[in-house]
1. Out of 62, 68, 50, report the one residue that is touching a strand residue (DSSP E or B) at 6+ places or on another chain (Cβ under 7 Å) and open to solvent by 20 Å² or more (accessible area, probe 1.4 Å).
2. Take the range 1-39 and flag every residue that is open to solvent by 50 Å² or more (accessible area, probe 1.4 Å) and part of a strand (DSSP E or B).
3. Would you please list the contacts, defined by Cβ atoms under 6 Å and residues six or more apart or on different chains, that run from a residue in the range 115-141 that is closer than 19 Å to residue 85 by Cβ to a residue that is hydrophobic (A, V, I, L, M, F, W, C) and surrounded by 13 or more Cβ atoms within 10 Å (Cβ to Cβ)?
4. Could you check the range 87-108 and list, in sequence order, the residues that are over 12 Å from the mean Cα position of the chain (by Cα) and either within 25 Å of residue 22 (Cα to Cα) or aromatic (Phe, Trp, Tyr) (or both)?
5. Condition test on residue 127, is it closer than 21 Å to residue 8 by Cα, open to solvent by 30 Å² or more (accessible area, probe 1.4 Å) and not in a loop (DSSP other than H, G, I, E, B)?
6. Tell me, which residue of the range 73-87 that is outside any loop (DSSP other than H, G, I, E, B) and open to solvent by 10 Å² or more (accessible area, probe 1.4 Å) is farthest from residue 45 (Cα to Cα)?
7. Any residue in the range 52-62 that is out of contact with any Gly (no Cβ under 6 Å at 6 or more places or on another chain), farther than 18 Å from residue 5 by Cβ and in a loop (DSSP other than H, G, I, E, B)?
8. So, in the range 89-104, how many residues would count as being open to solvent by 20 Å² or more (accessible area, probe 1.4 Å) and under 13 Å from residue 47 (Cβ atoms)?
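The values are calculated or read from the model by the stated rules, or taken from the named source; none is laboratory data. Note that the coordinates shown come from a computational prediction; the quantities given were computed from them, not determined experimentally. Cβ coordinates were reconstructed from backbone atoms using ideal geometry, including for glycine residues, and neighbour counts include every protein chain displayed. Keep in mind that these areas ignore ligands, DNA and RNA; they rest on the heavy atoms of the full protein, side chains included. Shrake-Rupley method; radii C 1.70, N 1.55, O 1.52, S 1.80 Å.
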Amino acid sequence: MSAKSRVVWMPGGVRTEVHLGSADTGGAFCLLVDEPPAGWLLPAHRHQREAETIHVIAGEFEMEVDGERSRLGPGETMHVPAGVVHASANVGNATGRRILLFSPAGMERFFLETGAESPDAEADPRAALESAIRHGWEFVG
């Protein structure tokens with residue numbers, strides 16, 4: 001099944017395309033593409049229900065998964081099982097681009113609920129945190 005993607009802007013200026021969600025995949029997974037700017041950082045957290053797979057298309061990212069740090073560049077992929085603490089940062093000099101797959105689906109609801117409709121309409125960080133917690137995120141450390 002094909003779906004039209006929807007673009008939202010997350011806190012920190014991260015452009016995010018939601019390509020597939022629960023309704024498109026029978027709940028199996030959701031598929032997003034994001035573009036974190038240079039210097040972007042997502043602190044240590046875990047998703048209680050969803051595993052996350054991250055494939056870098058452009059840029060250089062540092063990932064910490066379950067206490068182990070690694071760098072990912074174009075063409076490299078990292079899988080984070082559900083419940084595992086992880087953090088990510090764009091350590092490159094330019095905006096990066098990644099494919100994100102969450103399984104099972106449902107995480108797309110967080111992005112659609114939290115993201116602003118345009119880069120000029122800043123997403124509220126406090127509302128984003130509250131939404132993240134409602135959608136199974138747990139921030140640690």
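1. Values: 68 fails: touching a strand residue (DSSP E or B) at 6+ places or on another chain (Cβ under 7 Å); 50 fails: open to solvent by 20 Å² or more (accessible area, probe 1.4 Å).
Result of the check over 62, 68, 50: 62.
2. 6, 9, 15, 19
3. Pairs that qualify, where the first residue is closer than 19 Å to residue 85 by Cβ and the partner is hydrophobic (A, V, I, L, M, F, W, C) and surrounded by 13 or more Cβ atoms within 10 Å (Cβ to Cβ), are 135/110; 140/44; 140/85; 141/44.
4. From the range 87-108, those over 12 Å from the mean Cα position of the chain (by Cα) are 90-96, 103-106; that's our starting set.
Answer for the range 87-108, where residues must be over 12 Å from the mean Cα position of the chain (by Cα) and either within 25 Å of residue 22 (Cα to Cα) or aromatic (Phe, Trp, Tyr) (or both): 103, 104, 105, 106.
5. Numbers: closer than 21 Å to residue 8 by Cα: yes; open to solvent by 30 Å² or more (accessible area, probe 1.4 Å): yes; not in a loop (DSSP other than H, G, I, E, B): yes.
So residue 127 passes the test.
6. At the first step, the residues of the range 73-87 found to be outside any loop (DSSP other than H, G, I, E, B) are 77-80, 86-87.
Among the residues that remain, those that are also open to solvent by 10 Å² or more (accessible area, probe 1.4 Å) are: 77-79, 87.
Details: 77: 19, 78: 16, 79: 15, 87: 6 Å.
Among those residues, the one meeting the criterion is 77.
7. No, the conditions are met nowhere in the range 52-62.
8. Looking only at that region, the number is 3.
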